[in-house]
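Read-outs: derived from the displayed coordinates by stated rules, not from any lab. Not measured: the values here are computed from a predicted model. Virtual Cβ from ideal backbone geometry, glycine too; neighbours counted across all protein chains shown.
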Amino acid sequence: MAAENTDPVVVLGGGLAGLTVALRLADAGRKVVMLAKRQLSEGSSQYAQGGIAAVLDEDDSVESHVEDTLRAGAGLCNEDSVRFVVEESANCIEWLIDQGVQFTRKGKEEHDGQKAELSPYHLTREGGHSVRRVIHADDATGRAVIRTLEARARTHANIETLEQHIAVDIITSAKLGLPGANRCVGLYALSKASGHVVTLAASTLVLATGGASKVYLYTSNPDTSTGDGVAMAWRAGCRVSNMEFVQFHPTCLYHPEAKSFLLSEALRGEGALLRLPDGSRFMPSHDDRAELAPRDIVARAIDYEMKRGGYDSVYLDISDKPAKFIREHFPNITERCADLGFDLTSKPVPVVPAAHYTCGGVLTDLSGRTDVAGLYAVGEVSSTGLHGANRLASNSLLECLTFAMAASARILKVDSIGTAGVELPDWDESQVTDADEQIVVTHNWDELRRTMWDYVGIVRTNKRLERASHRVRLLQSEIREYYSNFRIDNNLIELRNLVTVADLIIRSALDRKESRGLHYTLDYPETLPGEQAKDTVLVPDNFIDPQS
Ligand SMILES: Cc1cc2nc3c(=O)[nH]c(=O)nc-3n(C[C@H](O)[C@H](O)[C@H](O)COP(=O)(O)OP(=O)(O)OC[C@H]3O[C@@H](n4cnc5c(N)ncnc54)[C@H](O)[C@@H]3O)c2cc1C
């Protein structure tokens, strides 16, 4: 089918990154098509609780936020990226407020007797931040932000939404054998309603597909976080960076019916303590900052204590605070805990760590550009240099905003190459049949996630990584064969992407001969000196250097 040169920008994903790119472009008059594999906004963004880090208070400064971010990143942040994000933070929050997001305001008692403030909003302090700088909407920030932006996107004349469409693969000029630099020309996406793959022309495509935490058995993320964008970009010829840095959130509620319910870091910011089953505290013996240590240190301490004591969980205790304070500050968490039979106001609740955030991803520049011309990556799917070896809490929503704005500004500035004259081949289903049974997919899915949890988790060793690598390779070849023989569906597409992401994480982890930030290995427990600190960059076989 010959593609027309109507040239809407295709945005994959309706989380904070995708919605921000789409609205910025659409408000500037560009046509946008947004694809989402479920309902538009089903993704991590809407479950974010804590908030968005930004320099808003007169006691805060860009330098201080930059310093905290660099410290968390353990020597691997790109300082230009950090500075860019922090400097843009106040503008981004202003934009959200202009869109109508209702952030929590300071109470009367907090205003009284204070110096002139830049911000009338209540700010919380989270682990790793040296001051209060996290703006929030109660304890359900993501929901407030996403509802507001989604409502605008759904009624915007320049935005078309294609929900229940899962992107399968990016079509590049190199794949079609066209000469010149590798560029994006289109996309295959499976319509879940029809069961058929549609072909979309796209000379500008924005990956805003979120993270890959579903590659682990226990995760705080929704089912959408299957690393589709990373796997698609890798297959399209993009370099992928720092995939070994997976952040485990220390405190997910331990309950079979709450498989991904997170107890926000802000609880510890407001004084919650971690306790062993016998009631004793353990964080002070792991780090001077105790419960306010960065989350990788807290997660590792919990992992250590659980393994040492053979416990199923540890406990988070904020019951020393007045019940009124807890209910006012954490209304959603208190309610959800109560639904599951826990009274946060009077007793400690059981918690375990779970995979939470993918620091690495598709390598981009400060405008979100990848190695393939016309292909951008924004939000958790990307590796922008902001997080380095560890993400500072509440910097990720901020990264979605700043890079979405930068990418949309770049897209508006450059002339689109268009796809006129490019023949996009239709998806070929002639050689495949309907799968006779789903068990292969579900079995491989479970095996993959358990393997990653057991061997590529919070504490790693060479032996465990090699074991995982071996298993993942076997799974990869089985899935490849299944993929070539049977008609694709949502689960198979996600599994194929997850196994690719698992392989990228393991290869990156094996490449790093030290412990740094979120990557901790018993074989190399030391961190290499600063001058030897370097990113892990994996290069696909079909990489074409955009500079050449
Ligand atoms: C429980 C929880 C709490 C958090 N709390 C905070 C916090 O307080 N502060 C903070 O800064 N960060 C927080 N984070 C992290 C933050 O929410 C995420 O990093 C951020 O929301 C990612 O946004 P995104 O737009 O990149 O991706 P997402 O919001 O995950 O959106 C991804 C979108 O892409 C779509 N998609 C994926 N693959 C495909 C495909 N193949 N085809 C079509 N569509 C696809 C999905 O359906 C979805 O619409 C939290 C995360 C979780 C899970």
Extent along principal axes [Cα atoms of the range 328-455; Å; largest to smallest]: 67, 47, 29
Dipole in debye (nearest 20) - the chain, about Cα centre, beta carbon charges: Lys, Arg +1; Asp, Glu -1: 360
Residue 63 versus residue 447: modelled label distance in nm, points set 7 Å from Cα along the beta carbon direction: 5.7
Gain in span if fully extended, residue 412 to residue 80, counting 0.36 nm per residue against the direct Cα distance: 117.3 nm
Rg/Rh ratio calculated on Cα atoms of the range 1-107 (Kirkwood radius): 1.05
Nearest-20 debye value, the range 1-107 charge dipole, Cβ charges on Lys, Arg, Asp, Glu: 720
Zero-based 10 Å bins, Cα pair distances in the range 363-403, whole percents: 31, 55, 13, 1
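Above 18 angstrom, tally the Cα pairs of the range 395-448 and express them as a % of all pairs, no decimals. Before the final figure, lay out the partial values.
Numbers: 1010 of 1431 pairs.
Here the tail beyond 18 Å accounts for 71 percent of pairs.
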Extent along principal axes [Cα atoms of the range 34-165; Å; largest to smallest]: 48, 41, 24
Of 301, 280, 316, farthest towards positive along the dipole that unit charges on Lys, Arg, Asp, Glu beta carbons give the range 278-318: 301
Cα-derived Rg over Rh, computed across the chain with Rh taken as Kirkwood radius: 0.96
Stokes-Einstein translational diffusion, the range 431-522 - Kirkwood Rh over all Cα pairs, 1.002 mPa s, 20 °C, in µm²/s: 154
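Taking R0 as 45 Å, what's the FRET efficiency between residue 176 and residue 98 from their Cβ-Cβ distance, rounded to 0.05? All intermediate terms of the calculation are to be shown ahead of the outcome.
Values: r = 42 Å, r/R0 = 0.93.
Calculated value: 0.60.
For an R0 of 45 angstrom, estimate the FRET efficiency from the Cβ-Cβ distance between residue 31 and residue 285 and round to the nearest 0.05.
Numbers: r = 58 Å, r/R0 = 1.29.
Rounded to the nearest 0.05, the efficiency is 0.20.
Take the Cα gyration tensor of the range 139-226, multiply each eigenvalue by 5, square-root it, and list the three semi-axes largest first, rounded to whole angstrom. Intermediate results must be reported in sequence, preceding the final value.
On the way: eigenvalues 157, 73, 41 Å².
For the range 139-226, the ellipsoid semi-axes come out as 28, 19, 14 Å.
Determine by what factor the alpha-carbon radius of gyration of the range 204-276 differs from 2.2 N^0.38 Å, reporting the quotient. Intermediate values should be presented prior to the final figure.
Values: Rg = 15.8 Å, N = 73, 2.2 N^0.38 = 11.2 Å.
Normalised Rg, Cα atoms only: 1.40.
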Computed over the range 469-548, the ratio Rg/Rh where both radii use C-alpha atoms and Rh is Kirkwood: 1.09
Nitroxide proxy distance, nm - points 7 Å out along Cα→Cβ at residue 463 and residue 163: 5.0
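Could you calculate the FRET efficiency of residue 338 with residue 39 from 1/(1 + (r/R0)^6), where r is the beta carbon distance between them and R0 is 30 Å, rounded to 0.05? Walk me through the intermediate numbers first.
Working: r = 27 Å, r/R0 = 0.90.
Efficiency, from the Cβ-Cβ distance: 0.65.
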Shape box of the range 73-227 [Cα atoms, principal axes, largest first, Å]: 68, 41, 36
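What is the magnitude of the charge dipole of the range 371-462 about its Cα centre, with +1 placed on the Cβ of each Lys and Arg, -1 on the Cβ of each Asp and Glu, and no other charges, expressed in debye to the nearest 20?
Values: 6 positive and 14 negative charges, 188 e Å.
For this selection, approximately 900 debye.
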Segment residue 71-residue 257, extension gain: residue separation times 0.36 nm, minus the distance between their alpha carbons: 63.3 nm
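Filter the GluC sites (Glu not before Pro) in the range 357-458 down to the DSSP loop ones having no more than 10 other Cβ atoms within 10 Å, then list what survives.
Working: sites: 380, 399, 423, 429, 437, 447; in loops: 429, 437.
Answer in residue order: 437.
Please arrange 405, 452 by counting, for each residue, the other beta carbons lying within 10 Å of its beta carbon, fewest first. Each step should come with its number before you reach the end.
Values: 405 20, 452 24.
Going from sparsest to densest Cβ surroundings: 405, 452.
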Reciprocal of mean inverse Cα separation for the range 212-343 (Kirkwood radius, Å): 16.6
Cα→Cβ-extended label distance, 7 Å offset, between residue 439 and residue 304, nm: 4.4
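From Cα pairs below 8 angstrom and at least 6 apart in sequence, can you work out the relative contact order of the chain, rounded to a whole percent? Each step should come with its number before you reach the end.
Working: 1216 pairs, mean separation 122.3, N = 548.
Normalised by residue count, the contact order of the chain is 22 percent.
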For the range 103-240: relative contact order, % (alpha-carbon pairs under 8 angstrom, 6 or more apart): 13
Dipole axis of the chain (+1 Lys, Arg; -1 Asp, Glu on Cβ), positive-most option in 443, 517, 497: 443
Candidate lysines for bridging to residue 307, where Cα separation is under 28 Å - those fewer than 8 sequence places away on the same chain excluded: 214, 259, 347, 463, 513
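Using 0.36 nm times the number of residues separating residue 483 and residue 537, minus their current alpha carbon distance, what extension gain do you get? Each step should come with its number before you reach the end.
Numbers: separation 54, 0.36 × 54 = 19.44 nm, distance 2.76 nm.
Length gained, residue 483 through residue 537: 16.7 nm.
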The range 52-111: Cα Rg divided by the 2.2 N^0.38 Å rule of thumb: 1.31
